[in-house]
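What follows is a set of notes on a single structure, which appears directly below.
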Amino acid sequence: MHATRLRSLQALGIFCGFAAGAWLGGAEAPIKLVNPDISPITISLIMVLGVFLARWSVPAFIRGTSGVRSDVGQAPHLIVWAVLAGCMWAVANTLTIYAIRNVGLSIAFPLWNTNSLLGILWGFLLFKELHYAGWKRWLGVLGGAVCMFGGATLLAIASSHQAAPGKAALGIFAALGAGILWGTMYIPYRKAYLTGMNPLSFITFFTVGELVTMTVLAVSYRGATPLWHELVGAREVLFWLMLGGFVWVLGDLFQQYATKYVGISRGIPLSNTNQLWGLLWGILVFHELRGSGHAVYAQVAGGSLLMALGAVAIALSSATEREHASWQNAADREGQRYGVEGEYVRAGMEGREIKHAELPDGAPRRDLSTRTLLDWLLILVTSGFFAILAFMARLPKMDIAWGWAVALTLAMFALLATCGIALWRTTRFR
């Protein structure tokens, strides 16, 4: 790959990581609007339903689903990896509900963001990331990891002041468990993008694993009849939970592109800036930690900033041309293992359309970004469903700082627009 193109893609990946942090951070905020009597399993199931709709309608809106068919024809083995990743996500997301309820948004986010440590490990061991990186970049990555661990420790100590008596440990273990699952989940991500699959295609099959796993968990844990009654009883908050799932998908999509273009050892820490957004939503909008002493605020702020500094240090340790060559070797290995065409693998790494792309059944070539009737149907059905739920929705009686909520929302949309434009101009969402 030409050096200029490499720098452009890495800058794009860094930008996507920061945009992912904003949207992933905002995705958990709607959970605060939900009655605490609703089971965390049920909350997670409703969020996954929103995720399912978003993971099919968003690719249909951005690029059309024709490209999904093409990607499946080139690398059908990745469907299995995508479903597996979705299963892990569903379990991890359920754990986050328990974490948020027991230790709050401002505490839970940084704890499960220790998935960065696993991401660095898997990236090095399995995908040749940080190979030939040089001592400065190694120092940046490892030093950043130490900072993030220190920040997580400070927040774990502070959590005892925010959590309900006897539940701090449960919240901490739930958040750390989610971090382990999410850190391992990035292995299928990296396999997919080294092989050349488009993130918009990967997430459509990813959500199958999410929905199936979450449905099985909910029915097994609650029982079919009690689960149905709880869903009916929660109709006034269905919109907020499904909206949280939709917002999560937008953040996750940016995270997918960050993982693709800067690797999991750098992409995950960048997207984990959602800890700062979680801190802002928790403290400014929902008044978490109100009434706590200055020492608690110092621990939370200091821990979050320390983790953020660690993430920035890792992000600034950009890949050299020699390191990127080792990524290409890993991509070649993946392509040879699964019999994927070399041109397809190279095109995916370079963020461009494959040359002479043909549909798997030998049909005439066409523009893979063309939207079909199915695409428009997905968009209309999803929009209509959310409109109905919004009409039914009711806000709970709680103290919310609406000025701060509007300001944070506008900032998220600004990042969405600018990063989306950058993706389109640089890769056409490839």
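The values are calculated or read from the model by the stated rules, or taken from the named source; none is laboratory data. Since we're looking at a predicted model, the values are computed, not measured. Please note: Cβ atoms are built from the backbone with ideal geometry, for glycine as well, and neighbour counts cover all protein chains shown. Heavy atoms of the whole protein, side chains included, go into the accessibility calculation; ligands, DNA and RNA do not. Shrake-Rupley method; radii C 1.70, N 1.55, O 1.52, S 1.80 Å.
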If you go through segment 189-226, how many residues are open to solvent by less than 30 Å² (accessible area, probe 1.4 Å) and either assigned to a helix (DSSP H, G or I) or among the basic types (Lys, Arg) (or both)?
20
Cβ contacts < 8 Å: first residue in contact (Cβ under 8 Å) with a residue 40 or more places away in the chain, restricted to segment 64-80; second residue of a type in the set (Gly, Ala, Ser) and open to solvent by 20 Å² or more (accessible area, probe 1.4 Å), any location; separation 6+ or different chain. Result?
GLY64/SER369; SER66/SER369; GLY67/SER369; SER70/ALA357
Out of everything in segment 165-188 that is surrounded by 24 or more Cβ atoms within 10 Å (Cβ to Cβ), of a type outside the set (A, V, I, L, M) and within 18 Å of the chain's Cα centre (by Cα), what residue ends up being nearest to ASP332 (Cα to Cα)?
TYR186
Listed by first then second residue, the pairs whose first member lies in segment 116-137 and is within 15 Å of ILE314 (Cβ to Cβ) and part of a helix (DSSP H, G or I), whose partner is at pLDDT 80 or above and open to solvent by 60 Å² or more (accessible area, probe 1.4 Å), with beta carbons under 7 Å and at least 6 positions apart or on separate chains, are LEU118/ILE180
Could you pull out the residue among ALA313, ALA325 that is part of a helix (DSSP H, G or I) and within 19 Å of GLY183 (Cβ to Cβ)?
ALA313
On the basis of being among the basic types (Lys, Arg), under 22 Å from TYR257 (Cβ atoms) and at pLDDT 80 or above, does ARG346 make the cut?
yes
How many residues does segment 243-282 contain that are part of a loop (DSSP other than H, G, I, E, B) and open to solvent by less than 10 Å² (accessible area, probe 1.4 Å)?
2
Among residues belonging to segment 367-412 that are closer than 21 Å to TRP281 by Cα and of a type in the set (D, E, K, R), point out the one that is most open to solvent (accessible area, probe 1.4 Å).
LYS397
Hey, among ASP37, ASP71, which residue is on the phi < 0 side of the Ramachandran plot and in a loop (DSSP other than H, G, I, E, B)?
ASP37
Tell me which residues, restricted to segment 283-294, are at pLDDT 80 or above and at negative phi.
ILE283, LEU284, VAL285, PHE286
How many residues, within segment 328-357, are out of contact with any Asp or Glu (no Cβ under 7 Å at 6 or more places or on another chain), in a loop (DSSP other than H, G, I, E, B) and in contact (Cβ under 8 Å) with a residue 40 or more places away in the chain?
6
I'd like to check something: does segment 6-18 contain any residue that is farther than 30 Å from GLY302 by Cα, among the basic types (Lys, Arg) and buried (at least 23 other Cβ atoms within 10 Å of the Cβ)?
no
